[in-house]
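Each remark here refers to the structure printed beneath this line.
Readers should treat all values here as calculations from the given coordinates under stated rules, not as data from a laboratory. For clarity, every value in this text was computed on a predicted model and none was experimentally measured. Backbone-built Cβ (ideal geometry, glycine too); neighbour counts: all protein chains shown.
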């Protein structure tokens, strides 16, 4: 759950046209796709002082596709699915876990010592 407001410096008339709305949707979809998991996000709606909140709760599948979403007016995004089976099916095709290469991420010993000593 979050409280993402619309852009404070360049608000669009329609919240779906606001750059902050586009970013929040992009981040939800990206997180789901890059991790092959189901993401459920919520956001505050309405106004508080000068801030307009984006709303647009959503449930995103592991492919990055929205399974359910609301509008800026609020509501409840409901998606019925077997999360374990959905994630397992997605990870059979593309698995960020299976495809990890720990040897690529390891820090060479001399660099590790310099970092610890600093």
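Which ones in the stretch 51-88 are surrounded by 13 or more Cβ atoms within 10 Å (Cβ to Cβ) and free of Cβ contacts under 8 Å to residues at least 12 places away in the same chain?
68, 88
Within the stretch 1-18, take every residue that is free of Cβ contacts under 8 Å to residues at least 24 places away in the same chain and either part of a loop (DSSP other than H, G, I, E, B) or surrounded by 13 or more Cβ atoms within 10 Å (Cβ to Cβ) (or both) and give me the one that is nearest to the chain's Cα centre (by Cα). If you could, list the steps in order and put the result at the bottom.
Residues of the stretch 1-18 free of Cβ contacts under 8 Å to residues at least 24 places away in the same chain: 7, 9-10, 12-14, 17.
Now restrict to residues that are either part of a loop (DSSP other than H, G, I, E, B) or surrounded by 13 or more Cβ atoms within 10 Å (Cβ to Cβ) (or both): 7, 9-10, 12-14.
Values: 7: 18, 9: 23, 10: 23, 12: 22, 13: 24, 14: 21 Å.
Result: 7.
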